[in-house]
Each structure stands twice: as structure tokens, then as C-alpha cells.
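Bear in mind that the values in this text are calculations on the coordinates, not laboratory data. All figures in this text were calculated on a predicted structure; none of them were measured in a lab. All Cβ positions, even for glycine, are placed from backbone atoms using ideal geometry, and neighbour counts span all protein chains on display.
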Amino acid sequence: MTRADLEHIIRAAGTIADVDDIVVVGSQAVLGEFPDAQAEFLVFNEAEVFPQQHPERSDLIDASIGEGSPFQRSFGYYAHGVDETTSILPAGWRDRLILVTGENTRQVRGWCLETTIWRSPSTPPGGRRTWSSPGRWPGTAWPAARRSNSGWRRRRFIPKFEP
């Protein structure tokens, strides 16, 4: 996924949920801070998003432009409607969001997690970050599932750190 793809998702999610602010969590949030991110950050075709003021509308996003939708079949990427409990975030995370807005988002404001939020306090300086996702990298496991209005969902994997 590229920055332009993320901006398209922000625009579509804002329109579907009828909101002006969309929060982007998960691996594609890196595109907020680094629009020209390295190729290894561009391999995922999913952005986890939720409406900032109306997180209950994330199911609308998931149903309209989520996995398996005509949107995904047309563009090759999709939005996963989540909420703020999907990822374990530190206190004050809302004060450390990166704004993505402009003509490509049709003035819908996308708020991406700052990449320093992904750094574990126990990671030593110079520590190496790896991404945890079962089946893709050895030694990883799925996070717990959570209940949503539309049924059970797997919690989105979060970065795992190694020294």
C-alpha cells in the first residue's frame, strides 16, 4: 500500500462513516509519518481505521470497503474497521498522532499513529524491531480475539521487539 492508497482509504472511510476524522492504527500508520516508506512497509494491503468521534461506525467501514468487498477487488487494498481497543496503546497516544489531509483525502483528516508509539519501553537503544504475525514470521502467535457488534474479530497484530 502506498501513501496515495492510504489517502484513498481515509477519504472513503470518512465518507462512509460521515465523519471528518479517521484514525489509522496498525502497520500502515507508518505512511502518515513516512510517505515514502521503505518497500517492506508497503507489502500489506490493509489499513486498520476507525472514526475518531464515532468508533461504533467502524462496522460500516468494514462492511463497505473491508476485506472481500468490491472496493478491495477494484483497488487491491482495503480498510479494516476497528476501534481503539484493537491495539494496546500507551497513555497519551492521542496527543502523538500525525495528520494526513489534503486534496487526496477531500479534506477528511486522517490521524496516523506516530511510529515512536510502536517502540517498547523495554527495547534497548539500538534494539531491532520485528513484526509479529503467525505464518509470516517464526515464533509468533495471534493476539486475543475481541467481540464486536458484527461478531468475533481477531485483534490486529502489533509490533514485537527484539534486542
What ranking, highest mean first, results for peptides 66-73, 79-86 when packing means the other Cβ atoms within 10 Å averaged over each residue? 79-86, 66-73
What net charge is computed for the residues neighbouring Ala37, neighbours being all others with C-beta under 13 Å from the C-beta of Ala37, Lys and Arg scored +1, Asp and Glu -1? -3
If packing is taken as the average count of other Cβ atoms within 10 Å, what order do 9-18, 42-51 fall into, highest mean first? 9-18, 42-51
Relative contact order computed over region 3-119 (Cα-Cα under 8 Å; 6+ residues apart), in percent: 35
List the extent of the Cα atoms of region 3-119 along each of their three principal axes, largest first, rounded to whole Å. 35, 32, 26
Cut-off under 5 Å, modelled amide H: who pairs with Val108 long-range: Gly102
